[in-house]
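> My structure is below; once you've seen it, I'll send some questions.
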Amino acid sequence: MVEKLKKDMIEAMKAKDKERLTTIRMVKGDLDKEHIDKKREINDDLLIEVVNRGIKQRKDSIREFEKGGRDDLVKKTQAEIEILQQYLPAQLSEEEVVKIIDDAFAVVLPTSSKDMGKVMKEVTPKLKGKADMKHVSDLIKARLQ
């Protein structure tokens, strides 16, 4: 994935695709920042973490842009999200996510909403990077109530 990011950056430079190049450079910069600041090795796991963070930030921005009536910025930010999603592993279907949550409930046997953390701890390693964790959290909350 990291190699794909580097190749895509070179291709975007050659094609003079400014939007794609800018987005890829942001990801590359965030990767380098994590590597330097936290002394973490640049690998696919770090890339997935950085890309997920970028997508989450952009989704928050879209909500704010919609409140302000800035459709031009909504479209631009949505395009950035589509570029970022290319660097994530294939996302699991809704059925697969629900199955993993069901398995976690069978293991943890939660009795109240206080067990939310236990269930999340069980599903996170299986779903991180493969599903929207906010959506997973919402599914678990609904099921616990």
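> Which of (1) modelled with pLDDT of 95 or more; (2) outside the structural domain of D8 (by TED's automatic domain parsing) does M116 not meet, given it meets every other one?
So the condition that M116 fails would be (1).
> Let me ask something else. Could you go through region 95-105 and let me know if any residue there is over 21 Å from the mean Cα position of the chain (by Cα), among the aliphatic types (A, V, I, L, M) and closer than 24 Å to L127 by Cβ.
yes
> Taking region 1-22 only, how many residues are over 24 Å from D132 (Cα atoms) and surrounded by 15 or more Cβ atoms within 10 Å (Cβ to Cβ)?
So the count comes out to 5.
> For D102, state whether it is free of Cβ contacts under 8 Å to residues at least 12 places away in the same chain, in a helix (DSSP H, G or I) and either out of contact with any helix residue (DSSP H, G or I) (no Cβ under 6 Å at 6 or more places or on another chain) or not assigned by TED's automatic domain parsing to the domain that holds D60 (or both).
Yes: the conditions hold for D102.
> To continue, here is another question. Residues in region 82-105: is at least one at pLDDT 90 or above and on the phi > 0 side of the Ramachandran plot?
Within region 82-105 (the criterion being at pLDDT 90 or above and on the phi > 0 side of the Ramachandran plot), the answer is no, since none of the residues qualifies.
> Pick from R58, R53, R63, R25: which is assigned to a helix (DSSP H, G or I) and surrounded by 15 or more Cβ atoms within 10 Å (Cβ to Cβ)?
R58
> Within the group K76, K14, which residue is without any contact (Cβ under 8 Å) to a residue 40 or more places away in the chain and basic (K, R)?
Just one listed residue meets the conditions, K14.
> Please go through (1) outside any helix (DSSP H, G or I); (2) modelled with pLDDT of 95 or more for Q78 and return the number of the only condition it doesn't satisfy.
Among (1) outside any helix (DSSP H, G or I); (2) modelled with pLDDT of 95 or more, the lone unmet condition for Q78 is (1).
> Go through region 80-90 and count every residue that is in contact (Cβ under 8 Å) with a residue 24 or more places away in the chain and over 15 Å from M1 (Cα atoms).
2
The values are calculated or read from the model by the stated rules, or taken from the named source; none is laboratory data. These numbers were taken from a predicted model, which means no experiment stands behind them. A quick note on method: Cβ atoms are made from the backbone with ideal geometry, for glycine too, and the neighbour counts reach across all protein chains shown.
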